[in-house]
């Protein structure tokens, strides 16, 4: 877990196309928090925390390339296999719950508004309302620490 948290804390969302450094680890922690606040179970929140875990080992592609190119198709295939291994390793259902997908998408719209700008059309976000959520980017050391703290808290809550 530490190696993945470290890597995600040093990767900028949107392939670095942000006004400031905003890490995948911070994004993942935010999804986990939002899922918990919306009444999701500890498993749901852990899915939120780990939904981008493959990026720790694969990196990521900017959204348009990932979703509208042949390279993106191949990347998504490898990513799906790695995500399945993550789900198995952390004893999670094979697919994230709908709440994770919904809040991840709304956070994406929020991040786009706050950190990237809306210079081009994102068909994937048509009709998706951003959250009333302020983003204050963290330095990598804090992002790593916060990610690991959330993981520890969620694992503790999942124990019988």
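The values are calculated or read from the model by the stated rules, or taken from the named source; none is laboratory data. Because the structure is a prediction, the values reported are computed rather than measured. Methodologically, a virtual Cβ is constructed for each residue, glycine included, from the backbone with ideal geometry; neighbour enumeration extends over all protein chains shown.
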Within the stretch 144-153, how many residues turn out to be within 16 Å of the chain's Cα centre (by Cα) and under 12 Å from residue 42 (Cα atoms)?
-> 2
Please find, within the stretch 40-50, the residue that is surrounded by the fewest Cβ atoms within 10 Å (Cβ to Cβ) out of those that are in contact with a helix residue (DSSP H, G or I) (Cβ under 6 Å, 6 or more places away or on another chain) and more than 16 Å from residue 3 (Cα to Cα).
-> 42
Going through the stretch 19-39 one residue at a time, which ones are more than 22 Å from residue 97 (Cβ to Cβ) and either buried (at least 22 other Cβ atoms within 10 Å of the Cβ) or out of contact with any strand residue (DSSP E or B) (no Cβ under 6 Å at 6 or more places or on another chain) (or both)?
-> 19, 20, 22, 23
Quick one: which residue in 80, 56 is part of a helix (DSSP H, G or I) and out of contact with any helix residue (DSSP H, G or I) (no Cβ under 8 Å at 6 or more places or on another chain)?
-> 80
Inside the stretch 91-130, the number of residues satisfying the requirement of being under 18 Å from residue 24 (Cβ atoms) and outside any helix (DSSP H, G or I) is 1
Residue count, the stretch 1-25, condition within 16 Å of residue 82 (Cβ to Cβ), in a loop (DSSP other than H, G, I, E, B) and at pLDDT 95 or above, comes to 1
Select, from 102, 155, the only residue that is out of contact with any helix residue (DSSP H, G or I) (no Cβ under 6 Å at 6 or more places or on another chain), surrounded by 13 or more Cβ atoms within 10 Å (Cβ to Cβ) and without any contact (Cβ under 8 Å) to a residue 40 or more places away in the chain.
-> 102
Selection over the stretch 129-149 where residues are in contact with a helix residue (DSSP H, G or I) (Cβ under 7 Å, 6 or more places away or on another chain), farther than 18 Å from residue 13 by Cα and either buried (at least 17 other Cβ atoms within 10 Å of the Cβ) or at pLDDT 95 or above (or both) yields a count of 1
Quick one: what pairs do we get from the stretch 64-78, first residue over 18 Å from residue 124 (Cβ atoms), second assigned to a helix (DSSP H, G or I), C-beta under 7 Å, 6+ apart or different chains?
-> 78/58
Any hit, the stretch 63-73, residues being outside any loop (DSSP other than H, G, I, E, B), surrounded by fewer than 17 Cβ atoms within 10 Å (Cβ to Cβ) and touching a helix residue (DSSP H, G or I) at 6+ places or on another chain (Cβ under 6 Å) | yes
